[in-house]
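The structure appears below as structure tokens.
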Amino acid sequence: MDSIHDLGGRQGFGPVEREEDEPAFHARWEAAVYTMTNAAMREGIIRNVDQFRHGVERIDPVAYLTHGYYGRWLGGLETLLSEAGALDAERLDAEVLARGGDPRVGQAARPSPTPDTVPPPSAPGAARALAAEPVFAPGDRVRTRSEPSSGHTRLPAYARGRLGTVVAHQGSWVLPDSNAHGRGEAPEHLYSVRFDGAELWGAEAEPGQAVHIDLFESYLSSVP
């Protein structure tokens with residue numbers, strides 16, 4: 001969806017800091033969030049990874065930028081637990097107050113009053129067989145769609161309306177745009193598409209730079 005989470009290609013957020021020998025978790029609460037999220041998936045409260053990603057996308061924008069990686073997970077998890085009726089917001093607020101906190105400060109979760117109804121997956125994993133042949137083949141020139149998205153999508157904003165070249169067919173997979181919202185798995189062919197840096201970033205791109213993005217068939221159209 002078009003929200004603060006789609007930071008790819010945006011300026012003003014500083015360099016990516018790479019930590020040598022980075023641990024899996026920097027604090028015990030991060031491990032707890034990881035465990036709770038996976039438990040919610042195993043129990044069927046969160047039905048698929050696309051639904052979870054969309055839950056993270058919908059958290060408060062300030063929280064998204066300031067709470068860190070597992071802080072975003074926590075906001076998405078609270079959002080989805082609340083929407084599923086597995087978490088009582090008033091009871092949670094009371095617990096925060098009892099521990100000396102203010103539930104109005106730093107709250108990330110933003111559950112919808114009319115959440116999507118998402119069914120369980122039809123099979124393990126996300127790979128699915130398709131009878132239809134792929135529309136595109138390696139070497140084909142394609143253009144990505146340019147329309148904004150009000151829901152979940154794996155087409156980043158910086159790559160919309162851009163020209164690229166298909167370099168590989170990656171099989172057929174569940175379509176996240178549909179799967180996240182309970183509209184069916186709607187599997188599609190997936191392609192690795194190469195974009196020249198200048199096509200994405202303009203004259204300021206590094207010479208010879210290219211980006212490869214895995215994109216679903218419905219994101220693409222043929223270029224003569």
Shape call, region 1-150: gyration tensor on alpha carbons, a/c limit 1.5: prolate
Within-12-Å neighbourhood charge of Leu190 [Cβ basis; K, R +1; D, E -1]: -1
Note, ³J(HN,Hα) from phi for region 178-188, Karplus 6.51, -1.76, 1.60, rounded to Hz, x at Gly and Pro: 8, 4, 5, 10, x, 9, x, 6, 6, x, 9
Normalised contact order of region 116-224, rounded percent, pairs of Cα under 8 Å and 6 or more residues apart: 29 percent
For region 120-215: accessible area per residue (Å², 1.4 Å): 52 Å²
Point-to-point label distance, Ser3-Ser218, nm (Cα→Cβ direction, 7 Å offset): 2.0 nm
Amide N of region 1-37 lying under 19 Å from the label point, which is placed 7 angstrom from the Cα of Tyr158 along Cα→Cβ: 1-19
Choice from Gly12, Gly197, Gly71 showing the highest fluctuation, given a GNM over the chain with Cα pairs closer than 10 Å: Gly12
Amide H contacts of Gly171 (H built 1.01 Å from N, under 5 Å, at least 5 apart or other chain): Leu190
Global form of region 27-67, assessed from the alpha-carbon gyration tensor, a/c cut-off 1.5: oblate
Theoretical FRET efficiency, 1/(1+(r/R0)^6), r = Cβ-Cβ of Ser192 and Arg143, R0 22 Å, to 0.05: 0.90
Net charge of Cβ neighbours under 10 Å - reference Ala205; Lys, Arg +1; Asp, Glu -1: -4
Region 68-204, Rg to Rh (Cα coordinates; Rh as Kirkwood inverse mean 1/r): 1.10
Backbone HN-Hα couplings from phi across region 98-105 [Karplus 6.51/-1.76/1.60, Hz, Gly and Pro as x]: 5, 9, x, x, 10, x, 8, 9
Per-pair calculated FRET efficiency, R0 = 41 Å: Val16 and Val135 via Cβ, rounded to 0.05: 0.75
Carbon plus sulfur fraction of accessible area for the chain, probe 1.4 Å, in percent: 53 percent
Relative contact order [Cα under 8 Å, 6+ residues apart], the chain, whole percent: 19 percent
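The values are calculated or read from the model by the stated rules, or taken from the named source; none is laboratory data. Just so you know, these numbers come straight off a predicted model, no measurement behind them. Methodologically, a virtual Cβ is constructed for each residue, glycine included, from the backbone with ideal geometry; neighbour enumeration extends over all protein chains shown. Note: accessible area is taken over every heavy atom of the protein model, side chains too, but ligands, DNA and RNA are not part of it. Shrake-Rupley method; radii C 1.70, N 1.55, O 1.52, S 1.80 Å.
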